[in-house]
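Report on the structure given below.
The values are calculated or read from the model by the stated rules, or taken from the named source; none is laboratory data. All figures in this text were calculated on a predicted structure; none of them were measured in a lab. With ideal geometry, Cβ positions are generated from the backbone for all residues, glycine too; neighbour counts draw on all protein chains shown.
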Amino acid sequence: MSIKFKNILFIIFAIFFILDVFLVFSFDNQDTTKNSKIIFFDVGQGDSAMIDAGNNIQILIDGGDGNVILDKLGKYMPLLDRKIELVIMTHPDKDHMGGLVEVLKFYEVGQILETGIVCETAICKEWDKLIKEKNIPIKYAEFGQMIKINDIDIKILYPFNNLNNQRVKDDNESSIVLRVDTENNSYLLTGDAGFDVENELIEKNINIKTRILKIAHHGSKNATSNEFLMKVNPQKAVIPVGKNSYGHPAEELMNRLKNMNIEIFRIDKNGDLIFNSN
Ligand SMILES: [Zn+2]
């Protein structure tokens with residue numbers, strides 16, 4: 001085999017390797033109607049959003065706690081569609097993951113994207129058991145991964161490295177951060193990430209500028225800094241919050257948003273929020 005031919009083979013293998021690593025999910029049957037939407041669910045004190053990409057393709061990002069999520073999916077998914085193509089679990093806290101366990105029981109899930117950080121709680125054990133029983137493929141999130149469906153582009157911005165099997169001090173600070181770009185809208189979803197993750201994103205000069213920001217950690221005062229808000233520069237902020245004893249959303253956070261004239265949507269006051277892609 002000539003050296004030149006070997007080089008070409010190497011390049012071909014490299015391309016396949018890159019595609020496999022970074023393309024988490026794609027769907028080629030392009031929906032020309034471009035009627036995708038993102039729904040932020042009112043799941044009480046918790047966090048859950050669904051990207052409805054059209055063509056019966058759904059991506060669920062977190063599921064709140066308990067089975068409220070099942071009512072929401074029943075309401076917003078087509079009657080005969082029992083499959084969620086991709087479930088993204090930002091981090092294994094009960095108010096994000098508890099509902100996803102219910103989803104695994106009652107829906108077919110095509111694929112899971114999570115960080116894989118070590119978690120030994122009862123809910124994590126149940127999660128792992130259900131995934132094994134149902135043989136659901138898992139990918140571990142890391143910066144650069146992409147998900148492409150119809151007019152929707154999703155990019156994983158955090159964590160920067162694969163955290164599978166790693167122990168972390170604070171699982172909030174391991175949350176998957178992702179940006180969603182549709183034809184005329186852009187969204188930043190930050191799980192429960194706090195100032196540490198925000199600073200890392202800013203330091204690495206990651207493009208986080210988006211029109212709609214899903215506020216991290218239910219409006220905690222320890223997330224969504226002024227500097228972060230200036231970089232994201234959102235027009236609208238969605239606060240996934242319900243009745244709670246943590247003081248969410250914090251007054252400090254509300255003032256930061258108001259000072260920048262960002263339009264605020266509180267899930268506890270507005271209920272489910274639907275944003276169309278165009
Ligand atoms: Zn949370």
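For the range 254-271, state whether one or more residues are over 16 Å from the mean Cα position of the chain (by Cα), modelled with pLDDT of 95 or more and of a type in the set (Gly, Ala, Ser).
So far as the range 254-271 goes, yes, one or more of its residues are over 16 Å from the mean Cα position of the chain (by Cα), modelled with pLDDT of 95 or more and of a type in the set (Gly, Ala, Ser).
So, in the range 131-155, how many residues would count as being out of contact with any Phe, Trp or Tyr (no Cβ under 6 Å at 6 or more places or on another chain) and surrounded by 17 or more Cβ atoms within 10 Å (Cβ to Cβ)?
Of the residues in the range 131-155, 10 are out of contact with any Phe, Trp or Tyr (no Cβ under 6 Å at 6 or more places or on another chain) and surrounded by 17 or more Cβ atoms within 10 Å (Cβ to Cβ).
Looking only at helices (runs of 4 or more DSSP H) that fall completely inside the range 216-271, which ones have 2 or more residues that are in contact with a strand residue (DSSP E or B) (Cβ under 8 Å, 6 or more places away or on another chain) and surrounded by fewer than 21 Cβ atoms within 10 Å (Cβ to Cβ)?
The helices (runs of 4 or more DSSP H) meeting that bar are 251-259.
Does any residue in the range 95-115 that is closer than 10 Å to Gly64 by Cα and of a type in the set (A, V, I, L, M) come within less than 6 Å, Cβ to Cβ, of a residue that is within 16 Å of the ligand (Cβ to nearest atom) and not in a helix (DSSP H, G or I) six or more places away or on a different chain, and which pairs are these?
Met97/Met89; Leu100/Gly63; Leu100/Met89
Return the residues of the range 191-216 that are under 20 Å from Asp272 (Cβ atoms), within 15 Å of the chain's Cα centre (by Cα) and either more than 14 Å from the ligand (Cβ to nearest atom) or free of Cβ contacts under 8 Å to residues at least 60 places away in the same chain (or both); say none if nothing qualifies.
Listed by number, the residues that qualify are Ile212, Leu213, Ile215, Ala216.
Tell me, which helices (runs of 4 or more DSSP H) wholly within the range 1-112 include 3 or more residues that are at pLDDT below 95 and surrounded by fewer than 15 Cβ atoms within 10 Å (Cβ to Cβ)?
In the range 1-112, 3-22 are the helices (runs of 4 or more DSSP H) which contain 3 or more residues that are at pLDDT below 95 and surrounded by fewer than 15 Cβ atoms within 10 Å (Cβ to Cβ).
Give the number of residues within the range 89-139 that are more than 16 Å from the ligand (Cβ to nearest atom) and not aromatic (Phe, Trp, Tyr).
Count: 28.
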